[in-house]
Amino acid sequence: MRKFTVIALVLTLGVIASGCGSNTTASTSEGVKKVIVGTGNDFEQVAFLDENGKLTGYDVEVIKEIDKRLTEYEFEFQTMDFSNILLSLETKKIDLAAHLFEKNPEREQKFSFNKEPYAYWRNKIIVASDNNDPVKTLDDLKGKKVLIGPTSAQAQILENYNKEHADGIDIVYQQNDANDEVLQVSSGRVYATLGADFLLPIKDPQGKLKTVGDPLNEGNILYVFRKDDEESQKLADAVDTTIKALKADGTLAKLSTDWLGQDFSK
């Protein structure tokens, strides 16, 4: 098995640029192409540092399995703030973005995606568990503070809603702690947040929050690549073939169950 290198970066693009250099899609001395994978390190059970400081989680372990099977590539992780991942892909600091990304029209304008999802989710409204208001749709959030991560797929849902409604939702963008939804919502600092149904038990094991209403959308979780780039397309095709194999032999289902609590790979 090839050795993985995890490069922990500070959260400024200038340091990201100096740390990454121009090594993306470079060939090793053995002729194997190196792939720089951009991800985070504080997304519990998805991409995070364990008690030993090792990068692990569902996204990380799936990439490792893909790497094992693609002998023509060698994958290397670089961690960074979530808001910098796609920008680093666009500026060729990394070759592949892996952080439970969904495809949406805004992202499709700049990036391409592989075709075979490695997970599926449903975005729903999340409120405090003791909130008994009849919240079912985004209309019920008008004028209320809703916490969301900047540049996230959930942020796009709220921003698009506000574009179409004069009296919209009071969007509160997360600042420092990317995983503070439980505290913010349960304490009443904000009224609600949006999130994937399968992530709530991971972020909120004590059950301080709950999902309400019907799904706002259903998302395919995919990897993100540079657009109109021949090498990126070759890599995406190879990743698709491998994900199909991981599904067929049960590896992806096992990883999902181990890390996310259920099989969200189908």
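I need the full set of residues from segment 139-156 which are closer than 17 Å to THR211 by Cβ, open to solvent by 30 Å² or more (accessible area, probe 1.4 Å) and either among the aliphatic types (A, V, I, L, M) or not in a helix (DSSP H, G or I) (or both), in order please.
LYS144
Within segment 105-122, how many residues are under 15 Å from the mean Cα position of the chain (by Cα) and either closer than 26 Å to PRO201 by Cβ or surrounded by fewer than 16 Cβ atoms within 10 Å (Cβ to Cβ) (or both)?
6
Counting only residues that are among the polar types (S, T, N, Q) and over 26 Å from the mean Cα position of the chain (by Cα), which one in segment 123-138 is surrounded by the fewest Cβ atoms within 10 Å (Cβ to Cβ)? Spell out the reasoning first.
Within segment 123-138, the subset among the polar types (S, T, N, Q) is 123, 129, 131-132, 137.
Those left that are additionally over 26 Å from the mean Cα position of the chain (by Cα): 131-132.
Values: ASN131: 16, ASN132: 8.
This residue is ASN132.
Is there any pair with a first residue in segment 239-264 that is of a type in the set (S, T, N, Q) and a second that is not in a helix (DSSP H, G or I) whose Cβ atoms are under 7 Å apart and which are 6 or more apart or on different chains, and what are they?
That search, which allows pairs on different chains as well, returns THR242/LEU70; SER256/ALA119; SER256/GLN262; SER256/ASP263; SER256/PHE264; SER256/SER265; THR257/ASP263.
Before we move on, is GLU90 under 23 Å from GLY195 (Cα atoms), among the acidic types (Asp, Glu) and under 17 Å from the mean Cα position of the chain (by Cα)?
No.
Within segment 66-82, work out how many residues are open to solvent by 50 Å² or more (accessible area, probe 1.4 Å), under 18 Å from GLY40 (Cα atoms) and not hydrophobic (A, V, I, L, M, F, W, C).
The qualifying residues number 1.
Any residue that is under 30 Å from GLY261 (Cα atoms), in contact with a His (Cβ under 8 Å, 6 or more places away or on another chain) and modelled with pLDDT of 55 or more - is there at least one of those in segment 22-37? Talk me through it step by step, then tell me what you get.
Initial filter on segment 22-37 (under 30 Å from GLY261 (Cα atoms)): 35-37.
Now narrow it down to the ones that are in contact with a His (Cβ under 8 Å, 6 or more places away or on another chain): none.
No, because not a single residue in segment 22-37 is under 30 Å from GLY261 (Cα atoms), in contact with a His (Cβ under 8 Å, 6 or more places away or on another chain) and modelled with pLDDT of 55 or more.
In the set THR12, THR5, which member is touching an Asp or Glu at 6+ places or on another chain (Cβ under 6 Å), at pLDDT below 85 and at negative phi? Full working, then the answer.
Values: THR12 fails: touching an Asp or Glu at 6+ places or on another chain (Cβ under 6 Å).
It is THR5.
The values are calculated or read from the model by the stated rules, or taken from the named source; none is laboratory data. Bear in mind the structure is a predicted one, so any value in this text is a computation, not a measurement. Methodologically, a virtual Cβ is constructed for each residue, glycine included, from the backbone with ideal geometry; neighbour enumeration extends over all protein chains shown. Just so you know, the surface numbers come from the protein's heavy atoms only, side chains and all, with ligands and any DNA or RNA stripped out. Shrake-Rupley method; radii C 1.70, N 1.55, O 1.52, S 1.80 Å.
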